[in-house]
Amino acid sequence: MRRVLALVILMLMASACSLHGAASSGGKSGNLTLVWGKETDPAGINPLKAGDVHAWEIFSLVYEPLTRPNKDLTVGPGLAQSWKQTSDTAWRFQLRSGVKFSNGRPLTSDDIVGTWEAYQKVGLLDHLFPNVDTITAVDPLRFDVKLKAPMPDLPNRLEIFWVLPGKEWRAGSFNPDKDLLGTGPFVSGPHVKGVSWTFTANRYYWQKGLPKAKSLQVRFISDDASRLAAVRTGQADYAITANPDVRRILAGDPRVKVQVQQTTDLYYLQLNPLWAKSKLRDTRVRQAIALAIDRKQIVDTALGGTGQITAVTPRALPDACDPAGVLGATGRDVAKAKSLLKDAGVSNLSFRITVAPAFGALRGPQIAQVIQQNLADIGVHMNISVMDGGAWLKEVGNGTFDATLNWLTGNGTASHIIGYLDPVSLPLFAKGVSHDSTVIGQIRKAISTPEGPGRKEAFAKACASVNNLAYFIPLVTKPTVIVYRADRVSPVFVPTEPAQMTFRDLAQFSKAS
């Protein structure tokens, strides 16, 4: 492995001039050009449609949400400066004054209304804001949100409400499929698909003195070893890696630092209880599988020691359920798993699991291999099928699968992922989750319960039911591992990222002193 990496580094150094653009981090801080070695070009740039991590990382350069998380993951101000709940189903928000889009036009409440209209018209990601009925402008800097049902965590959910230029969208002069026009710190520039993308500082940005870099060059480097090599040779300032051995590989190089950023993301195993051909319809069989999984082995072997056990409500969030309540989370129980299979009259079980790394579950196949080994201990054979994103979406949407392994982001609220287990909330999951009315009722109650002890108790009750039915099994958290050149750039990272915006504070990156 070391020889292969060394060869990659030498090849990269020999061809550095072909990587498009000057070397990074030259000159004074005001002339700083950052270079990001990114895994892949996003499939789309429309925040109303694209839900993958690669798109969201690009969106956060140009667009901004209404709210943003504080360091403790409580909700804080973003483009919305303040808010108040005026009834169980109504909120009023106050926008910041002095905010402008990168074309110089001031942000107003009409842009918020127009953005919501755009979300509704496209109809793909409006499920991220369940129960929102209408958004109306009160005056240029205030708007009201009316809900169909109580949603106490509305401000948290607006951490992913990307604000578009509503006026231009309505006029037809802005097409979010082709254009990027926001209030964020950077402006989109030349884009060579699959090769590079250049961004420049937004001269109208509302946060004074930011961004500290005059430009950002994104270089798309799909191979993990090549990204690490690019950072080591100075052809990239920073990158994300999925290599669990990164610390060993970079040991001895004081210029390159490794940063593990915790997230509210989690890997999950979904066992289909509905499909007529599913081999996992019996609850006892699903429970046996959950009990047989060795999460410590997943963390140590597949994730290089970086993950943690978690409940369906990500462990870092307020009101999260106790991870210890998940079957097998605190230690596998092979004997009980075998007993459950015997009670179910099942022997020589064989089933298929699908994995789709394309959506960001880069270590999904390795996690599946660990589970495959674990299940062999209870006499169960699991066939692993690695799929492309389109095929996975079709199969999961149709509900024609035994099991699947992927990941979800928890965003800034405990209700986000567990809300997906309500068949009405997310059509993609509707044919692969339990339709038990008691569980669905518990989930809906938890989501609508106001802040306080009662909310945490409601989530605990819903989590317990989900854990017992074992159709959605949270495995471990999905931290992000970042490598950067400490001698070239001084980065700023939030300790726990809830919404896939790994570099949300990129505007604060500066030249290393």
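Just so it is clear, none of the values below were taken in a lab; they were calculated from the coordinates. Only a predicted model underlies this, so the values are computations on that prediction, with no experimental measurement involved. Cβ: placed from backbone, ideal geometry, glycine included. Neighbour counts: every protein chain shown.
For K445, the aspartates and glutamates whose Cα comes closer than 16 Å to its Cα, not counting residues fewer than 8 places off in the same chain, are D88, D153, D319, D422, D436, E457.
The string of couplings for the stretch 391-397 from the Karplus curve (6.51, -1.76, 1.60, θ = phi - 60°) is 5, 5, 4, 5, 5, 5, x Hz, one whole number per residue in order, with x for Gly and Pro. A crude spin-label estimate for the pair K148 and D52, with each label 7 Å from Cα along the Cβ direction, gives 2.9 nm. Placing +1 on the Cβ of every Lys and Arg and -1 on the Cβ of every Asp and Glu, with nothing else charged, gives the stretch 266-477 a dipole about its Cα centre of roughly 280 debye.
Electrostatic bookkeeping for S82 treats Lys and Arg as +1 and Asp and Glu as -1; over the other residues with beta carbon under 12 Å from its beta carbon, the sum is +4. Summing Lys and Arg as +1 and Asp and Glu as -1 over all other residues whose Cβ lies under 13 Å from the Cβ of F59 gives a net charge of -3. Our estimate of slack between Q369 and D139, defined as 0.36 nm per intervening residue step minus the Cα-Cα distance, is 77.2 nm.
Which whole-number percent of Cα pairs in the stretch 266-477 have a distance greater than 21 Å? When every Cα pair of the stretch 266-477 is considered, 50 percent fall beyond 21 Å.
Positive-end ranking of Q308, L269, A464 along the dipole of the chain, with charges on Cβ about the Cα centre, is headed by Q308. Placing +1 on each Lys and Arg Cβ and -1 on each Asp and Glu Cβ, with no other charges, gives the chain a dipole about its Cα centre of roughly 780 debye. For the stretch 67-171, a simple Cβ point-charge model (Lys and Arg +1, Asp and Glu -1, everything else neutral) yields a dipole of about 240 debye relative to the Cα centre.
Excluding same-chain neighbours fewer than eight residues apart, the aspartates and glutamates reachable from K100 by a Cα-Cα span under 14 Å are E64, D110, D111, E168. Ignoring lysines fewer than eight residues from K84 along the same chain, the ones with Cα atoms less than 16 angstrom from its Cα are K146. With θ taken as phi - 60° and the Karplus curve 6.51 cos²θ - 1.76 cosθ + 1.60 applied, the whole-hertz 3J(HN,Hα) list for the stretch 113-123 is 4, x, 5, 5, 4, 5, 4, 5, 5, 6, x Hz, x standing for glycine and proline. So if R0 is 35 Å, what FRET efficiency would K84 and H127 give, r being the distance between their Cβ atoms, rounded to the nearest 0.05? After rounding, the FRET efficiency stands at 0.85. DSSP finds beta bridges in the chain, and of those with both partners inside it, around 75 percent are antiparallel. With the helix formula -39500 (n - 2.57) applied to DSSP H stretches of n ≥ 4, the chain reaches a computed 222 nm mean residue ellipticity of -8000 deg cm²/dmol. Within the set (i) 53.0, 206; (ii) 21.8, 69; (iii) 23.4, 71, the number that Rg and Dmax of the Cα atoms in Å takes when calculated for this structure is listed as (iii). Convex hull volume of the C-alpha atoms in the stretch 423-475, normalised per residue: 88 Å³. Here the extension length gained between D377 and E457 equals 25.2 nm, from 0.36 nm per residue of separation less the Cα-Cα distance.
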